[in-house]
1. Could you tell me what percent of the DSSP beta bridges with both partners in the chain are antiparallel, to the nearest 5?
2. Arrange 262, 65, 381 by Cβ neighbour counts within 10 Å, fewest through most, would you?
3. What spacing in nm lies between the two simple spin-label points modelled at residue 304 and residue 232, each 7 Å away from Cα in the Cβ direction?
4. Need one number: nm distance between label points at residue 349 and residue 116, each 7 Å from Cα along Cα→Cβ, rounded to one decimal.
5. Figure the gain on full extension for residue 363 and residue 265 (residue separation times 0.36 nm, minus the Cα-Cα span) and round it to one decimal in nm.
6. May I ask for the distance between the Cα centers of segment 247-304 and segment 117-151, given as a whole number of Å?
7. For a quick check: sort 240, 332, 291 by the number of other beta carbons within 10 angstrom, fewest at the front.
8. Arrange the following residues from fewest to most other Cβ atoms within 10 Å of their Cβ: 120, 182, 255.
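What follows is calculated from the coordinates using simple rules that are stated; it is not laboratory data. Since the structure is predicted, the reported quantities are computational estimates derived from the model, not experimental observations. Cβ: placed from backbone, ideal geometry, glycine included. Neighbour counts: every protein chain shown.
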């Protein structure tokens, strides 16, 4: 196992440059690429990444970008991607998609036709990825998507999109599987569904899993993806008095629902979300009100996988990210690094830079990495692995399930707001 190399970078300065360049309609890329690299030649593999650095999902987007940059640093410091016995340096051309699908689509076209990238690392969110991959598929450019797992993205017959995350429809199943092991077992469930491709897939998947487990789904309804007030929906939830409430959220939704649960003094025995609680800003934004909220993580730094040479084991990867960026990584950062690593391993196995060869290699790939098990079907869905429930305890994100990753027993039931 090689020792991970983690040079200290001025992350804030790099981000400022990225934002300025995006505002000027320009791209940013790794320094020292040279004129040959600008043409995608001369021993360089040029990769495009339009990801949210500003806008509604910029918290998540910047974490994904950290993951991309860390993988790029590591692979380049270890000789690059090996193709036919030669090491190819990785250059990533970044743009800010401003958390907007139309902007992401335009930038994807630009990356392919003007920047001459050979491969793409995807944006944050299923909605934006669903739009950008219409361009990349038409152009025949492979996309590794770190944070886009709405099932219908992979059900369009496309051949150039592969997901790091398992399908969104399984996002909340870990929380539900954990719930039925509790005493007393929750019997009734309410499901709030974000009205976008990701939210619908995750919410409907939760309903199906709950019914399989014998729970009674007493309420399910959608809320707008840009909602700023869900009090009326929560009031309706309250009329059904469920034992458990789950919602297919992004970060801002999870904040909104938690705050309005407190305002309405509603405290089901379990409250769980998809994206949100595992992000550091969730605790910072809510302080003590985040206590006992459940979230779902596709990856945990407490897992124990041996990994490979580029990014090392789970514990080595987590320690290196903390050293370089100053935070304990969650699945957003890890999925960005994993997207790059997946592309690297597929190229090396194929011994080729041709899309068809790399696609074939991906379908056969069964890598041992810091991420854990991963593998794809013909649609590009990751059909291996599942979500891991975490819970906020005393301003810390704590793994509570499955047993092999558990740090503490879950807090149950959810404490009443006036008893905190």
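1. Details: 14 of 47 bridges.
Bridges in the chain that DSSP calls antiparallel: roughly 30 percent.
2. 262, 381, 65
3. Each label point is offset 7 Å from its Cα along the Cβ direction, giving 5.2 nm.
4. Placing both labels 7 Å along Cα→Cβ, they lie 3.0 nm apart.
5. Values: separation 98, 0.36 × 98 = 35.28 nm, distance 4.94 nm.
Gain on stretching residue 363 to residue 265: 30.3 nm.
6. 27
7. Values: 240 14, 332 26, 291 17.
Sorted ascending by nearby Cβ count, the order is 240, 291, 332.
8. Ordered from fewest to most neighbouring Cβ atoms within 10 Å, 120, 182, 255 come out as 182, 255, 120.
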